[in-house]
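This report concerns only the one structure given below.
The values are calculated or read from the model by the stated rules, or taken from the named source; none is laboratory data. Please read these numbers as outputs of a predicted model, since none were measured by experiment. When we count neighbours, we look across all protein chains shown, and the Cβ atoms used for this are built from the backbone with ideal geometry, even at glycine.
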Amino acid sequence: MMKLTTLETIQKVQKDPLYIQIRFGKHGRAHAERVLLFANMLASMIQADKGMTLDMQALAVAALLHDCKKANEGNDPDHSVRSAEAACNMIDRLDIECDKDKVFDIIVRHCLPKGYHRDGVLSFEAMAVGDADKLDRFRFHSLGGPNPELFQLREYSVAMMDIAARVNGHKWRSFKE
């Protein structure tokens, strides 16, 4: 396997047909790229504040591909498992040196299907991608932002709600301008 930088990994994923075939729409490539942006911001804060090292390769692949096999724009409860399997197959096909188990776990846990159980502790990478996905849901809310009670990294994600609102062109703000 070839050890790539995180940037090289992102570029390789973005050139792959699995990524390119992701349609436009609510769960399209622009959504995946915003999730990558928000997940990286959350991960950077966690690393700085907690003195931890997170797996940025796994986080990047998972963020970009977390919805790659979503069948529709509505309810698709099994898309996370299909997306995780496709991402792991792509890692093998492209010979990317990456923690496939972590990528699978991050993607599956961003939207855990009913009846599907994953053992173990939720990683910070999985929390960052899950919260980043929720932060990008500002696009779906006409009056308010995402429910802060649903965030795993509540302190960090709530602090990013204004940024997410602006990135998504939403009028909601936590303060009066």
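Within region 1-35, being of a type in the set (Phe, Trp, Tyr) and not in a helix (DSSP H, G or I) holds for one residue alone: 24. Of the residues contained in region 36-50, one or more are found to be surrounded by fewer than 13 Cβ atoms within 10 Å (Cβ to Cβ) and touching a helix residue (DSSP H, G or I) at 6+ places or on another chain (Cβ under 9 Å). I'd like to check something: does region 73-91 contain any residue that is exposed (fewer than 15 other Cβ atoms within 10 Å of the Cβ), modelled with pLDDT of 95 or more, under 24 Å from residue 135 (Cβ atoms) and of a type outside the set (A, V, I, L, M)? No, every residue in region 73-91 fails to be exposed (fewer than 15 other Cβ atoms within 10 Å of the Cβ), modelled with pLDDT of 95 or more, under 24 Å from residue 135 (Cβ atoms) and of a type outside the set (A, V, I, L, M).
Suppose the filter is surrounded by fewer than 12 Cβ atoms within 10 Å (Cβ to Cβ), in a helix (DSSP H, G or I) and modelled with pLDDT of 90 or more; does residue 155 pass it? Criteria met by residue 155.
Rundown of residues vs (1) in a helix (DSSP H, G or I); (2) closer than 15 Å to residue 4 by Cβ; (3) without any contact (Cβ under 8 Å) to a residue 24 or more places away in the chain, yes/no style:
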site	(1), (2), (3)
69	no, no, yes
85	yes, no, yes
98	no, yes, no
106	yes, no, no
120	no, no, yes
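Here residue 102 does not qualify as within 14 Å of the chain's Cα centre (by Cα), in a loop (DSSP other than H, G, I, E, B) and either crowded, with 16+ Cβ neighbours inside 10 Å or of a type in the set (A, V, I, L, M, F, W, C) (or both).
Quick one: in region 51-67, of everything that is in a loop (DSSP other than H, G, I, E, B) and touching a residue at least 40 places away in the same chain (Cβ under 8 Å), which residue is surrounded by the fewest Cβ atoms within 10 Å (Cβ to Cβ)? So the residue we want is 52.
All but one of (1) more than 16 Å from the chain's Cα centre (by Cα); (2) part of a helix (DSSP H, G or I); (3) at pLDDT below 95; (4) of a type in the set (A, V, I, L, M, F, W, C) hold for residue 48; state the number of the condition that does not hold. Going through (1) more than 16 Å from the chain's Cα centre (by Cα); (2) part of a helix (DSSP H, G or I); (3) at pLDDT below 95; (4) of a type in the set (A, V, I, L, M, F, W, C) one by one, residue 48 breaks only (3). Considering region 2-34, the residues that are modelled with pLDDT under 90 and loosely packed, with under 14 Cβ neighbours inside 10 Å include one that is nearest to residue 55 (Cα to Cα), namely 3.
Screening region 96-137 for residues that are acidic (Asp, Glu) and closer than 16 Å to residue 151 by Cα and picking the one that is modelled with the lowest pLDDT gives 136.
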